[in-house]
1. How big is the charge dipole of the chain about its Cα centre, in debye rounded to the nearest 20, if each Lys and Arg gets +1 on its Cβ and each Asp and Glu gets -1 on its Cβ?
2. Could you give the spread of the C-alpha atoms of the stretch 567-647 along their three principal axes, from largest to smallest, in whole angstroms?
3. Given 0.36 nm per residue, what is the gain on full extension from Glu380 to Glu125 after removing their alpha carbon distance, in nm?
4. By its C-alpha gyration tensor, with a ≥ b ≥ c as the square roots of the eigenvalues, how is the stretch 418-556 shaped: rounded for a/c under 1.5, else prolate for a/b larger than b/c, else oblate?
5. Could you tell me which of rounded, prolate or oblate describes the stretch 376-446, using a ≥ b ≥ c as the square roots of the eigenvalues of the alpha-carbon gyration tensor, with rounded for a/c under 1.5 and, failing that, prolate when a/b is larger than b/c and oblate otherwise?
6. Looking only at the stretch 629-660, which residues have a backbone nitrogen under 13 Å from a spot 7 Å from the Cα of Ala601 in the C-beta direction?
7. What nm distance separates the two modelled labels at Asp53 and Glu538, each placed 7 Å from Cα along Cα→Cβ?
8. Among Val459, Val567, which comes first, second and so on when ranked by fewest other beta-carbon atoms within 10 Å?
Amino acid sequence: MKLNRNTVFLGVTIVFAFLMGAIVFSPWASLEAQSGGGDWQTVMTERGFTDEDVYAALSTYNPSGVYDEFVMFASGGHSGQVFAIGLPSMNVLRTIAVFTPEPWQGYGFGAGEEVLDGGNMDGQEVRWGDTHHPALSETGGQYDGQYLFINDKANGRVAVIDLRDFETKQIINNPLYVNDHALFATPSTDYVIQGGQYAQPIGGDYAPMADYAESFVGIVTMWKFDREAGRIDADNSFALELPPYWQDLCDAGKQVSEGWIFCNTFNTELALGGIESGNPPFEAGASRNTTDYMHIINYRAAEELFLAGEYEVVNGMAVITLETLVENNVIFNTPEPRSPHGVDVAPYGDFIVVSGKLDPHTSIYSFDKMMAAIEAGPTELDPFGIPILAFEDVIEAQVEVGLGPLHTQFDDQGYAYTSLFLDSAVARWSLGGDNYRPQDGWSLIETIPVQYNVGHIAVAEGDTVSPAGNYLVSLNKWSVDRFLNTGPLLPQNLQLIDIGADRDNMQMLYDMPLGMGEPHYAQIMRADRLNTWEVYPEVGWDPATQSVDERAVAPGEEGITRDGNTVYVNQTAIRSHFTPEIVNINEGEHVVWTITNIERAKDATHGFAIPYYGINLSIEPGESITFEFDADKGGVFTWYCTEFCSALHLEMMGYLLVQP
Ligand code: CUK
Ligand code: CUA
């Protein structure tokens, strides 16, 4: 027989099959076959995984139908949204539309406009935001799973999300200020506190840069939260006037320091910028001083001033002047390392951690020492008359953690974690205080590299009085080479790190590309704290009021009625039809159209889209939506259900006939 390539190949195949047979009939392999699974060790070898890789994979994998233990609410940056992400799987569960219209949720396309309009600025429609700091509602310093607040740094607005349906209920515009940065809740969520960022004249006034020191101010706004109503109550809210430093971030005191807030600042130099005129650019001008100031604010005392009427009114908002705050011993300053970023209160409220972007240390302040220094009566004043507590009187410790430290989080073992922007790493260090790890003292334990340029980090329940620990998520700004190239715009990289008590060292578990926005901060909550509805409680539900809408349409009540130039379309939706299906109206009529989804089955959402008129709804089971438009164009418009709801989904459509 003449050997050719095919016969050689055949021979090799036979030998190979024989060998494979031997393997298949080994006891181990037959066990594998019986269990119905593949051989994971082969996968491990073929894909070149290490033991650590397999540990990581097994730690994050959720078999179908298995739920995540934690849910993370991450801001979306300038996408204007919030993302709900499961941990440890790092799967995105859903987007929550907040400041930016979002078609999948039908937000801003016939529904949600009233909420979006709440954020109009002096009548100007603003339809995007830069979400930075999500804040979960708390009871007794623990997340309670009821509400989520989020700020818009670009436009100085705050939104309230109800976690019963994960929908935005309110956007409130701050009439004093067009930007902000900090957002956080008090331990009882009686206030949601919004810190400004870049100083500006109060109330949207004009002033030239030359008048900066006199005419520009800093602002912290205390928004009263009405938990019953699920809304911020602007009438019972007030603001504090601060010096024209740039307030960066703030955090609320808890436990021993409850009733106080701490805000770090930068640009205490009052730099005016103007690189184009030969002045130092802001980045240099605002970094000249070796220290900036932390504001230490007694907000309970400020609240008393507000209730006693000790305020001025600007654009309808109560403002307590800096002079009044100083006179009443409400505000103090203490130096903090230059260009600080981030201020975080430890679980017992006893320590306040600040990092300086240009200093390799974290600085840990003692709340007790602050109170003692205030008691002793500070003698030095800052240029705006605020008493200064001497650094050495209030500092507890400094820990050298690495380059570019930013934000700090806490776990349940007495460790703190600080993000290191310049080092691209996360440092774990021990809190030496009595309540934490006195056995280790104030010391750096270890660092773990992250990819790359970490901003915030979030530990499970890490902002509460009792952190869960378990996981840390590193919210990295750059992903560079971590994922398939998606063009010049790359996803962010959110990395899940195991910090559980059963491990000695932190271990990287998972890299998650997020190509939908740039999360700044996230809070991670135990998923069992959620009390989210599966379907709306009753048919005809209006999510805006969280009650049955009197305009809701019951089965049998569908139809079209008229009142003058207004035509009312009353419609129901259920698999797989709308009733009515044919709607005849006249050009020039004003249309008020109500659709009630009368489904009671979980996940039986219907969509509704009409071309040209810009209507696109998501109508969840039980929900009723009313939208309006002027039928200014004649023609035949097909509408249809945009959710693939059933086998006859394509037939779930109808015609709007607008007769010229
Ligand atoms: S900031 Cu973004 S990394 Cu707006 Cu909380 Cu520090
Ligand atoms: Cu309803 Cu598709």
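1. Using Cβ point charges on Lys, Arg, Asp and Glu, the chain gives about 2280 debye.
2. Largest first, the stretch 567-647 extends 39, 21, 19 Å along its Cα principal axes.
3. On the way: separation 255, 0.36 × 255 = 91.80 nm, distance 4.60 nm.
Using 0.36 nm per residue and subtracting the Cα-Cα distance, I get 87.2 nm.
4. Taking the square roots of the gyration eigenvalues as a ≥ b ≥ c, the stretch 418-556 is oblate.
5. The shape class here is oblate.
6. 644-649
7. Inter-label distance under the simple model: 5.7 nm.
8. Val567, Val459
No value in this document is a laboratory result; all are computed from the given coordinates. Nothing here was measured: the structure is a model prediction, and the numbers come from that model. Glycine gets a Cβ as well: all are built from the backbone with ideal geometry, and neighbour counts include every protein chain shown.
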